[in-house]
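Let me begin by presenting the structure, written as structure tokens, before commenting on it.
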Amino acid sequence: MLNALVTLAAEGEGEAPSPLIPAIYDIVWSAVCFVVILLVFWRVILPRMTALLDARSAAIEGNIAKADEAQKQAEAALQEYTAQLADARREAGEIREAAREDGKRILAEAKEAATAEAARQTATAHAQIEAERQGALVSLRSEVGTLALDLAGGVIGETLSDDAKAKSVVDRFLAELEASEKAAAGKAE
């Protein structure tokens with residue numbers, strides 16, 4: 001084949017070369033180089049590029065799957081958070097209502113205790129006033145009786161020494177005085 005090319009080249013030396021058509025030996029050597037480069041590209045570079053592109057594609061698909069999984073987990077976490085938040089709000093409402101009820105109950109108990117304490121203190125004060133009134137009445141009766149006996153003794157000119165008799169006279173006098181006070185009070189009404 002090389003001989004044929006050399007022979008063709010020798011025959012064509014006599015003619016002027018064409019500017020549009022290259023020489024045969026240039027076409028042959030260019031075709032050989034192209035075939036060698038094509039075979040190297042086809043056997044070495046193309047499989048590596050295919051493996052690289054397949055790896056990138058798998059990585060992208062894996063990342064998309066991971067992103068989808070992460071999004072599902074995020075949605076599940078959001079739903080769980082929303083449910084927990086709703087439970088917390090419901091529980092806070094229940095606690096608030098229980099606190100209100102406890103407050104009302106404690107307020108009612110405090111009012112009842114205050115009312116009972118006020119009634120007890122009022123009853124104690126009334127009892128103390130009544131005791132002091134009775135004590136003042138007994139003291140007044142004895143003083144008025146003594147004073148009345150002294151005045152009666154001064155008017156009559158003798159002393160009244162019989163205590164039982166003097167006491168009955170004083171008691172009768174005070175009873176008549178109380179009866180006249182009651183009668184005057186009844187007419188005033």
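Side notes on the structure shown:
- Shape parameters for segment 71-132, alpha-carbon atoms, Rg then Dmax in Å: 26.3, 89
- Share of carbon and sulfur in the accessible heavy-atom surface of segment 64-159 [1.4 Å probe, %]: 61 percent
- Accessible area of segment 70-133 divided out per residue, in Å², using a probe of 1.4 angstrom: 86 Å²
The values are calculated or read from the model by the stated rules, or taken from the named source; none is laboratory data. Note that the structure is predicted; figures quoted are calculated from it, not measured. Side chains are part of the model used for accessible areas, which takes the heavy atoms of the whole protein and leaves out ligands, DNA and RNA. Shrake-Rupley method; radii C 1.70, N 1.55, O 1.52, S 1.80 Å.
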